1. Of all the accessible heavy-atom surface of the range 19-67, with the other protein chains kept in place and a 1.4 Å probe, what percent is carbon and sulfur?
2. If you roll a 1.4 Å probe over the heavy atoms of the protein chains, what accessible area per residue do you get for the range 1-86, in Å²?
3. Ranked highest first by average number of other Cβ atoms within 10 Å, how do 44-57, 12-25, 65-78 line up?
4. From the protein chains alone at 1.4 Å, what is the descending order of accessible area for VAL43, VAL33, largest first?
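The values are calculated or read from the model by the stated rules, or taken from the named source; none is laboratory data. What you see is a predicted model; the values in this text were computed from it and never measured. Note that we place each Cβ from the backbone using ideal geometry, even for glycine, and neighbour counts take in every protein chain shown. To get the accessible areas, we keep the full protein, side chains included, count just its heavy atoms, and leave off ligands, DNA and RNA. Shrake-Rupley method; radii C 1.70, N 1.55, O 1.52, S 1.80 Å.
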Amino acid sequence: MRIFPWKDHGAFDCAAAAQNMMLAAPSLGLGTVVVGGFDKGEVKRLLGIPEGVEPNCLLFIGYPGEEKEPRTRFTEAAVHWERFDGERPRNPRPGNVLVYGLASSV
């Protein structure tokens, strides 16, 4: 983080880079899965990432084991039309795949 003079904006650069890799992957016959909800401390420990370096997201890239139909998936409760609706009840998903397993990202 110390080499980014623009502070938190480095996260935007990392997200844009991950998106570009996800868009390019199918042309190479690859599939991708991005994970944003993860235990940063545990990932740093597992991968030997030093202090001062923070993981932004996990991007899995590989050869798909099967062909699936393309789909669009979003949580209707997370979409706001015309204005933010702060009155709607929210039930956040756990989102931490290292703790809750792959089902937490579904």
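1. The computed percentage sits at 58.
2. Heavy-atom accessible area per residue stands at 84 Å².
3. Packing order, densest peptide first, comes out as 12-25, 44-57, 65-78.
4. VAL33, VAL43
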